[in-house]
Amino acid sequence: MHLASEDTGAEKVAAPPVLAIHHGSVRPLAAEDLERVAALFLTKFRRRRRHLLDRAIAETAEYMRKIYLDPAGQPGASNALVQINPQGDLGGFLGVLKARYELNGATLNAAIIGPLMADTGTDHGSAGPQLLRAVHQGEFDLHLTDSANRVSLAFARPMKYQLLPTHCLGWTRIFRPAAVASAVARGKWPGLPRFVLDPCARAFDAFTRKRFEPPVQHSSSHRVHREPMDAAQFAERLPTLVSDYSLRPRWQDGELPRLLALAAEKRADGPLHFGGTYDEAGKMLGCYAFYGQAGGIANLLQLQSSGPHWGATLDGVMEHAWNMGCAGIIGQTQSRLMPQLFSYKNVFFRYAGGTMVRSRIPEVAQAVRSGDIFIGGLMGDRWTRLSSDDFGR
């Protein structure tokens, strides 16, 4: 959930009713809103050269249509919301993705909250509260976000969201420090020629290779091995690895493959790769998915393991990214992964986005408090192109 400041299918979830007060009204996102919402998004979250703006608006609007208006190929009102001010102009937008969880055999409807933004030219501070109140009045059993910025944190905490501090951190493991610096520089200045920095980066990284190379088989068992897999295999095996969470996603037939197909459209960090770790008998111990390409910084989308095998699975994704020629790897922290991350050298932590959950169901709140929830990655919104991609290029 990104609140922009001036600086910058089984059960159907009923659409929230139109909420009208003297500051304006809130209703579900409609097709005729898309271009205005896309323009507001680009204004708040992307810097856009004027000659590319029209193309960026069109591409962003089409992508929003795909994920917010027709997320499962089913008819019905969108779960995403817009606020319309008394003059009939767009005042704000709240991106909402529908998901399903289960707890003790019961199915729960979840709202994954993404971009939250207000047009400061037409809104005077009412759009954000109206939009959140409207989504809270819907028929969702829990509301969650894994991408809240600091403005959103201050805004949502009084609304009884529970903060998951561990999940708010991001981690970075550097493989090739000069290549990381080169990748960051090209991200800030896309027109910078590669030949300006890359030769020096390669020379420096060759000199420091032994210091930064991941250790061979960091985990205790030398019988564990890594194998690549495709999206279909990942979609088949991931649900079995989340079964030890009390509060976990319930993906229906075809839902997870479609979600992975949408996640694969993200472009900022390279193609999406999948892999798994196995013991000597061929039993899967864990699996992972990450974006990456040679010379860039890999971005971990999902890492999941069973029992005591988190270290072996982390070793697998580190080895995979290193062998591809990635300069480093970043990911979102989670409580079951922290001991393994602490054991690695050259791992750095930073605030990466607030992870929060809100629910009036006591059992759900208790599971969240105890950390017994699968959240982040595919059960968040960082997999969407809205989280990082540069539209219109």
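Here the Karplus relation 6.51 cos²θ - 1.76 cosθ + 1.60, evaluated at θ = phi - 60°, turns the backbone of the range 295-309 into coupling constants of x, x, 9, 5, 10, 6, 8, 8, 9, 9, 9, 10, x, x, 9 Hz, with x for every Gly and Pro. Overall, the accessible surface of the range 343-387 at a probe of 1.4 angstrom is composed of carbon and sulfur to the extent of 52 percent.
Among the listed pairs Lys44/Lys66; Lys44/Lys266; Lys160/Lys345; Lys266/Lys345, those whose Cα-Cα separation exceeds 26 Å are Lys160/Lys345; Lys266/Lys345. Scattering from the range 219-323 was approximated by placing one identical point on each alpha carbon and applying the Debye formula without solvent; log10 I(q)/I(0) at 0.13, 0.14, 0.24 1/Å stands at -0.47, -0.54, -1.36. Could you tell me which of rounded, prolate or oblate describes the range 325-366, using a ≥ b ≥ c as the square roots of the eigenvalues of the alpha-carbon gyration tensor, with rounded for a/c under 1.5 and, failing that, prolate when a/b is larger than b/c and oblate otherwise? The shape class here is prolate. In the context of the full set of protein chains, the range 216-298 has a per residue accessible area of 48 Å² (1.4 Å probe). For the range 314-384, the solvent-accessible area with a 1.4 angstrom probe is 36 square angstrom per residue. The slack in the chain from Glu102 to Val242, taken as 0.36 nm per residue of separation less the alpha-carbon distance, amounts to 49.3 nm.
Scaled to the globular estimate 2.2 N^0.38 Å, the Cα spread of the range 81-162, given as radius of gyration, is 1.18. Put simply, the Cα atoms of the range 297-369 extend 47, 27, 19 Å along their principal axes, the longest span coming first. If you take the alpha carbon atoms of the range 250-393 and fit the smallest convex hull around them, that volume is 153 Å³ per residue.
The values are calculated or read from the model by the stated rules, or taken from the named source; none is laboratory data. Predicted, not measured: the structure shown is a model, and the values here were computed from it. In case anyone asks, the SASA skips ligands and DNA or RNA and just uses the protein heavy atoms, side chains included. Shrake-Rupley method; radii C 1.70, N 1.55, O 1.52, S 1.80 Å.
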